[in-house]
Number of protein chains: 2
Amino acid sequence: MNKQQLFENIQKKKSFLCVGLDTDIKKIPQHLLTEEDPIFAFNKAIIDSTAPYCVAYKPNLAFYESLGVPGLMAFEKTVAYLKANYPDQFIIADAKRGDIGNTSEMYARSFFDYMKVDAVTVAPYMGEDSVKPFLIYPESWVILLALTSNKGSQDFQFTEDVNGVRLFEKVLKKSQEWASDEQMMYVVGATQGKMFLEIRKHAPNHFLLVPGVGAQGGSLKEVAQYGMNDQCGLLVNSSRAIIYADNTPAFAEVAAVAAREVQEEMAIYLLEKGIIKA
Amino acid sequence: MNKQQLFENIQKKKSFLCVGLDTDIKKIPQHLLTEEDPIFAFNKAIIDSTAPYCVAYKPNLAFYESLGVPGLMAFEKTVAYLKANYPDQFIIADAKRGDIGNTSEMYARSFFDYMKVDAVTVAPYMGEDSVKPFLIYPESWVILLALTSNKGSQDFQFTEDVNGVRLFEKVLKKSQEWASDEQMMYVVGATQGKMFLEIRKHAPNHFLLVPGVGAQGGSLKEVAQYGMNDQCGLLVNSSRAIIYADNTPAFAEVAAVAAREVQEEMAIYLLEKGIIKA
């Protein structure tokens, strides 16, 4: 999916919500445990109920890998289900990969050739040749970690160099030599509200993938206020607050209500910015 | 496996070689393609022939993931085979993971609870809470990226802060607040020969995992000269130069010769350092 298509989906859905499929066998409703593949059964129900209110899904690889082969099969089935039934959804493999060139090539092959997702999250520590192999596929996206939503983001990401440039800023600047905003996005945590002003100085046109709204405490209003650009430029992720909104047999309907609430708030911000009409 | 056991294995084997199992279906000998599981068949043969000359194996997850479920099954079979037949081998899942706390917990569960490897490589960009969940398992190891062997290591890892501390040095310093040298190692690329002097200023006692010897051009002699400490403190990885030394039906024997050559050179450096006796 290209940038223009993503933008059009945002206008159509009046939403820039990404639903995070951090599906944990220990947290899903108990009645699903008798299903042949409880993880996929959960994802399918969540997708069917929330798809009208979001433009993207972000399965988090860690949750699937922790179950070994059955987990990976559930991941693959989830991606295949999305592509077959909701082809307008942007699919992000949240994997935080990044390795030397020949290894990143393998990861790229895995995600774009084999699983056919739209985007993969990548860690920047190893630099250009760890990122570029992900960009050889047409309409494939790298979502590079810039400023994350966790406490540990303080450890290295704010380190200033001799010119006062912080590491996350250096990542934003340097990585724009590797790809344009047609193939690269950045992860920017919602817990860093006003930092979006700083981010937009360096990346005015890029889409930003924003985790940390909901369970992690970030404010959607602040993110929209400081982070939105003329093409929206935001994909705000919510995982736990939506998918685990309820754990009874009505979980999917309750998740839909939670997703819809977020979507309705998003519609207000899109309207205020003039991106959609009333 | 704890640090003392690893050191004793190094003395016993007169080797600090780690064989990297970067097994690529496109590079293994063609006659294996008729096997039910060509990747595992290749690994098994390589392991059986090289085990006398090394103390560790490092399967690179990317190569297995790129094949989807069958790849992951081959990875799991490889780990199980090592544990059953060569319990004195230190097993490193080269995965370069790292994510927010609840996600890193999942990765830790995946590698230590489910696959039962000894160590996993982790990227430091997201800081403390992305690393610590890997350390809750007894005798589990984190191998943190410090200075990598690729060209892209120049992009961010050498960035100096206002006190002249480079990012890789900050990673070395800060991370020692999270774990001791009994549970943490560092990745330091062999292509950065004399940098081992700098590394050892900050981490005199830690084991270092050293990729980049062989195909990537690093010098074993330099690594031993500048990087070895009294407990060896080195695991030098070679992947392509050993496992793809030959692609005829004699590939495993040729790999053994390649591994043995490295081991014999290592024995010289261990002897010179007084770690083993003549």
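The values are calculated or read from the model by the stated rules, or taken from the named source; none is laboratory data. These numbers were taken from a predicted model, which means no experiment stands behind them. When we count neighbours, we look across all protein chains shown, and the Cβ atoms used for this are built from the backbone with ideal geometry, even at glycine. What goes into the accessible areas is simple: the full protein's heavy atoms, side chains included, and nothing from ligands, DNA or RNA. Shrake-Rupley method; radii C 1.70, N 1.55, O 1.52, S 1.80 Å.
Quick rundown of the values:
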| quantity | calculated |
| --- | --- |
| Theoretical gain in end-to-end length, B:Lys27 to B:Ile268 [0.36 nm per residue, Cα-Cα removed] | 83.6 nm |
| Cross-link reach list, aspartates and glutamates versus A:Lys116, counting only Cα pairs under 15 Å and skipping chain neighbours closer than eight places | A:Glu76, A:Asp88, A:Asp94, A:Glu105, A:Glu139, B:Glu65 |
| GluC sites (Glu not before Pro) restricted to DSSP loop in the stretch B:149-252 with at most 10 other C-beta within 10 Å | B:Glu177 |
| Averaged over B:57-64, number of beta-carbon atoms from partner chains that fall within 10 Å | 4 |
| Charge dipole of chain B about the Cα centre (unit charges at C-beta), most positive-ward option of B:Phe196, B:Met106, B:Leu67 | B:Phe196 |
| Around A:Ala250: net Lys/Arg minus Asp/Glu count, Cβ-Cβ under 15 Å | -2 |
| Cβ charges +1 (Lys, Arg) and -1 (Asp, Glu), total dipole of chain A, debye | 440 |
| Other copies of A:Thr248: label-to-label distances in nm, shortest first, labels 7 Å along the beta-carbon direction | 7.2 |
| Cα-Cα separations in the stretch A:119-239 greater than 25 Å, expressed as whole percent | 18 |
| Net length gained if the chain between B:Lys201 and B:Gln176 were fully extended (0.36 nm per residue, minus Cα distance) | 7.7 nm |
| Sequence-distant residues sharing a close amide H with A:Phe90 (under 5 Å, placed H) | A:Ala56, A:Tyr57 |
| Inter-chain Cβ neighbour average for residues B:143-152, partner chain, 10 Å | 5 |
| Nearest-20 debye value, the stretch A:88-180 charge dipole, Cβ charges on Lys, Arg, Asp, Glu | 160 |
| The stretch A:36-108: relative contact order in percent, alpha carbon pairs under 8 Å with at least 6 residues between | 37 |
| Residues of type aspartates and glutamates that B:Lys194 reaches as a straight line, Cα spacing below 14 Å, ignoring anything fewer than 8 places off in the same chain | B:Glu222 |
| Residues with amide H under 5 Å from that of A:Met185, placed H, sequence gap 5 or more | A:Val142, A:Ile143, A:Leu144 |
| Centroid-to-centroid separation of the stretch A:1-46 and the stretch B:83-157 [C-alpha atoms, Å] | 28 |
| Shielding by partners - mean other protein chain Cβ count within 10 Å, residues of A:119-131 | 6 |
| Rule-of-thumb Rg ratio for the stretch B:3-272 [Cα; 2.2 N^0.38 Å; N residues] | 0.96 |
| Area of B:Lys221 that stays accessible when all protein chains are in place (1.4 Å probe, Å², to 10) | 120 |
| Sparse-neighbourhood loop sites, GluC sites (Glu not before Pro) in the stretch A:1-60 - DSSP loop, at most 16 other Cβ within 10 angstrom | A:Glu35, A:Glu36 |
| Mean Cα-pair separation over length for chain A, i.e. relative contact order, pairs under 8 Å, 6 or more apart, % | 22 |
| Distribution of pairwise C-alpha distances over the protein assembly as shown, 20 Å bins, in % | 22, 54, 22, 2, 0 |
| Exposure of B:Asp230 as accessible area (Å², to 10), given a probe of 1.4 Å and all protein chains | 120 |
| Percent carbon-and-sulfur accessible area, the protein assembly as shown, ignoring ligands, DNA and RNA, probe 1.4 Å | 50 |
| Accessible surface of A:Lys170 - all protein chains present, 1.4 Å probe, nearest 10 Å² | 50 |
| Residue-normalised accessible area of chain B, given per residue in Å² at a 1.4 Å probe | 35 |
